[in-house]
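These notes concern the structure reproduced below.
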Ligand SMILES: [Zn+2]
C-alpha cells in the first residue's frame, strides 16, 4: 500500500484539493489510490473508520471513500463531489482518522444531495440523510481543508463519551 493516513500536521489536510480530470480516473495510478484509500479505511477498526478523503492520505485531490456497510449502505467512492442540496439541521458526534482519540459535536445538515463521479467516471447522485449525510459532509469538508474540529462546539477525548462504540472516525 503506497498511501497511508497522514498526521494532522500534514499540509494536504488544510488545502483546497484539486479537481480530478476525467481522463485521470481510469488510470492505474488513480485506481490504486482508491484501493489504497479503502484499505487504509478498513485498517481502522477501533473505532471503525467510516470514510476517508484523499487529503488524509496526503493526496490533495477531490475524492473520498465511505463505507457504511454495517448500516446497510454500499461502499461509496465519489470523485469531484459537489453539494447540490442540503436541508434541515442536525447534530452529529464525529471523530476523524486524522485526529485520533477525540470526538466532538458538529452541526450538520440533516439531509444532503451530492453529485460527482464514481471510480469508473460515471455520473453519480447520492441523496442521504442521517449518518450517511453527516459522513458525506465531513468528507466533503476535508476536500476544502476543513476539519470537524473547526466546526465543533466542543471536542473531547473519545473516552469521555459514554458509548464510545457508537462513535466512529472518518
Ligand atoms: Zn475526517
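Order these by the 10 Å Cβ neighbour count, fewest first: 76, 126. Could the numbers behind the result be given before it?
On the way: 76 23, 126 19.
Least crowded to most crowded, the residues run 126, 76.
Under a point spin-label approximation (7 Å from Cα along Cα-to-Cβ), what is the residue 146-residue 69 distance to one decimal in nm?
Result: 3.1 nm between the two label points.
In nm, give the distance between the simple-model label positions of residue 24 and residue 110, each being 7 Å from the Cα along the Cα-to-Cβ direction.
3.7
Treat the count of other C-beta atoms within 10 Å as a stand-in for reagent exposure and order 77, 44, 96 from fewest to most. Don't jump to the answer; show the numbers that get you there.
On the way: 77 20, 44 17, 96 25.
Neighbour counts put them in this order, fewest first: 44, 77, 96.
With N denoting the number of residues in region 116-157, provide Rg(C-alpha) divided by 2.2 N^0.38 Å, to two decimal places. If you can, show how the numbers build up before the last one.
Numbers: Rg = 13.2 Å, N = 42, 2.2 N^0.38 = 9.1 Å.
Normalised Cα radius of gyration, region 116-157: 1.45.
Nearest 5 percent is fine: what portion of the DSSP beta bridges confined to region 11-166 is antiparallel? The partial results should precede the final answer.
Values: 30 of 31 bridges.
Looking only at bridges with both residues in region 11-166, the antiparallel portion is about 95 percent.
For the chain, what is the relative contact order in percent, using Cα pairs closer than 8 Å and at least 6 residues apart in sequence?
Numbers: 360 pairs, mean separation 45.1, N = 170.
Rounded, it is 27 percent for the chain.
Could you order the peptides 34-42, 132-140, 66-74 from most to least packed, using the average number of other C-beta atoms within 10 Å per residue?
Answer by packing, highest mean first, reads 132-140, 34-42, 66-74.
Compute the projected area of the convex hull of the Cα atoms of region 1-90, averaged over all viewing directions, and report it in nm² to one decimal place.
Details: hull surface 29.2 nm².
Orientation-averaged projected area of the Cα hull: 7.3 nm².
Report, in cubic angstrom per residue, the convex hull volume of the C-alpha atoms of region 11-166.
Values: hull volume 16.0 nm³, N = 156.
Dividing the Cα hull volume of region 11-166 by its residue count gives 103 Å³.
Place the peptides 15-26, 98-109 in order of packing, highest mean first, counting for every residue the other Cβ atoms within 10 Å and averaging per peptide.
On the way: 15-26: 13.8, 98-109: 18.7.
Order by mean packing, descending: 98-109, 15-26.
Given 0.36 nm per residue, what is the gain on full extension from residue 91 to residue 122 after removing their alpha carbon distance, in nm?
Working: separation 31, 0.36 × 31 = 11.16 nm, distance 3.20 nm.
Stretched out fully, the residue 91 to residue 122 stretch lengthens by 8.0 nm.
Each reported figure results from applying straightforward, stated rules to the coordinates on display, with no laboratory input. These figures come from a predicted structure and were not determined experimentally. A quick note on method: Cβ atoms are made from the backbone with ideal geometry, for glycine too, and the neighbour counts reach across all protein chains shown.
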